[in-house]
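See structure below.
Every number here is computed from the coordinates shown, using simple stated rules; none is lab data. Values in this document were obtained by computation on a predicted structure and should not be read as measured data. So basically every Cβ, Gly included, is an ideal-geometry build from the backbone, and we count neighbours across all protein chains shown.
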Amino acid sequence: MKKNSPNSLLNFELINLKKILKILEKDNFSRIKNFEKLCIKCLKAIKNKKKIIFFGNGGSASDSQHLATELVVRYKKNRKAIASVALSADNSAITAIGNDFNFKYIFSRQIEAIGNPGDIAIALTTSGNSQNLIEACKIANKKRIFTACFSGNNGGKLKKYTKCNVIIPSNITSIIQITQLLIGQVLCDFLEQNV
């Protein structure tokens, strides 16, 4: 089998999947602290007619859009829409803010515009060190928006600016991203079952 053949790459990803499963096994899931707290906070916010705001860069931007869509449309069953938005979805706002102000404000400016006290702001990140996520959480905290993150890298710098850090115990980007999406979908499932 060639080093970069589809089969060798699949075997490599299966090894990563085993690492993810080990993280999520019963005895290790406690290492992903604060997840249950975040689920309860989100449910309370939705029941109080507030919204969940997701944001992230690159693959985390796509995952943010994915999770917000699961809530607005449906996850597993038809039900009333759950108020949610992904800040990475508005290309016009992102490019205007990046051009007219600075890229580090692409999310904070949007939170300033649409965020309200009692909303939940969830940053998705593999490193926890992106300045635009930090700026967004600073503004969210000022507006009394509950801040959280799904992060690898032990939370990076961002963990100082969020009230609820859901840390994926890994430094491998693909493991962090897959685990974030999985626990994000568990969050969606929990909300769908309880609203």
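The table for this structure:
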quantity	calculated
Residue match in the stretch 93-111 (condition: touching a Pro at 6+ places or on another chain (Cβ under 8 Å), closer than 17 Å to ALA45 by Cα and of a type outside the set (Ser, Thr, Tyr))	no
Total residues in the stretch 147-191, condition over 15 Å from SER127 (Cβ atoms), among the polar types (S, T, N, Q) and in contact with a strand residue (DSSP E or B) (Cβ under 6 Å, 6 or more places away or on another chain)	1
All positions within the stretch 124-133 that are under 11 Å from LYS157 (Cβ atoms), surrounded by 23 or more Cβ atoms within 10 Å (Cβ to Cβ) and not hydroxyl-bearing (Ser, Thr, Tyr)	GLY128, LEU133
Neighbours by Cβ (under 9 Å, 6+ apart or cross-chain): first from the stretch 34-50, on the phi < 0 side of the Ramachandran plot; second exposed (fewer than 12 other Cβ atoms within 10 Å of the Cβ)	LYS50/PRO117
Pairs where the first residue, in the stretch 111-135, is without any contact (Cβ under 8 Å) to a residue 40 or more places away in the chain and the second is charged (D, E, K, R), C-beta under 7 Å, 6+ apart	PRO117/LYS143; PRO117/ARG144; GLY128/LYS157; GLY128/LYS159; ASN129/LYS157; GLN131/LYS104; ILE134/LYS157; GLU135/LYS104
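Rundown of residues vs (1) closer than 24 Å to ILE172 by Cα; (2) assigned to a helix (DSSP H, G or I), yes/no style:
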site	(1), (2)
LEU17	yes, yes
LEU21	yes, yes
LYS41	no, yes
ALA45	no, yes
PHE54	yes, no
GLN65	yes, yes
ARG74	no, no
LYS77	no, no
ILE82	no, no
